[in-house]
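In what follows, a single structure is set out as C-alpha cells and then discussed.
Every read-out reported here was derived from the displayed coordinates using simple, explicitly stated rules and does not represent laboratory data. Predicted model, so just to flag it, every value in this text is computed and none were measured. Cβ placement follows ideal geometry from the backbone for every residue including glycine, while neighbour counts extend to all protein chains displayed.
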Amino acid sequence: MEKLKFWEWIGYALFAIAGIAAIILIARAIGDDDTDWPAWVQAVGSIIAIGIAIWIPARQRERELKEKRLQQAELELILAQQVYFLLINLRDELKTIEKYSHMPRRVYRDEVSRVFEDMLQRISAIEAREINWIRTQSLFFARNAIFDTHTSLMEPRLFEHPYSGEEKAVLATRIEAINTEGQRAHRTMAEAEKAIENLK
C-alpha cells in the first residue's frame, strides 16, 4: 500500500477540519430560529475554499518535486550504466592484450589504439555530465589505465617484442584493479535502480 505524503495528510486534515466546522455551524444554526442561512453557508464555503486553496498548490508542488527527483534518479542510472559498461569493456580489452601478450606488439597495437581512442572519447562524454565522486574516481582510474597500457604498446623500440614477464604482471594487476572498479560501479548502478523504484 502506498504511503501518504506529508501534503496529502495536510489536505485530508484541512478537509476534515472544514467538515467538522460545517457540521458544528449547521447544528448551531438549526437550533437558532433567527439564523442567517446565507451567512452560515458563506462561512462554511469560505473555510472549504481556504482548505482547497492551500491543498491544491501544495499537492502540485509535491508532484513537481517528485517528478524532478525521478528525472535526476533516471539520469543517475544512465550515468552509472555508462561508467559500468565502459569499465567492463576496458577490462575485456586488457584481457585481450593479455591473451596476445606473447606476440609482438605490432600485431595488435593499431587495433587496440583505436579501441582506446573510442574509450577516451566515451570517458570525456561521461565526465561532462558526471557528478558522482565515486564514479568520477573510476573514470580517472580508467583513463590512467588506458594511458599506461597505450604507452607500453606504442613504444617504438618494443614493436617487435612481446610483453616481458614484469609487464605481464603489471597488466594482470591492472585488469584486477579495473575489475574491482567495475564491481563498485555495478553497486552504484544497483543503488540508482533502487532509488527509481522508491520514487515510483
Exercise for review: Can you give me the P(r) profile for region 73-199? Cα pairs, bins 10 angstrom wide beginning at 0, each as a whole percent.
Suggested key: 13, 42, 27, 13, 4, 1
Study note, to complete from the structure: In whole Hz, the Karplus estimates of ³J(HN,Hα) for region 73-90 (6.51, -1.76, 1.60; θ = phi - 60°; x where Gly or Pro) are 5, 5, 5, 4, 5, 4, 5, 4, 5, 4, 5, 4, 5, 4, 5, 5, 4, 5
Practice item. Using the number of other C-beta atoms within 10 angstrom as an exposure proxy, rank 138, 101 with the fewest first. Key: 101, 138
**Study point:** Neighbourhood net charge (14 Å Cβ-Cβ; Lys/Arg +1, Asp/Glu -1) for residue 73
**Key:** -1
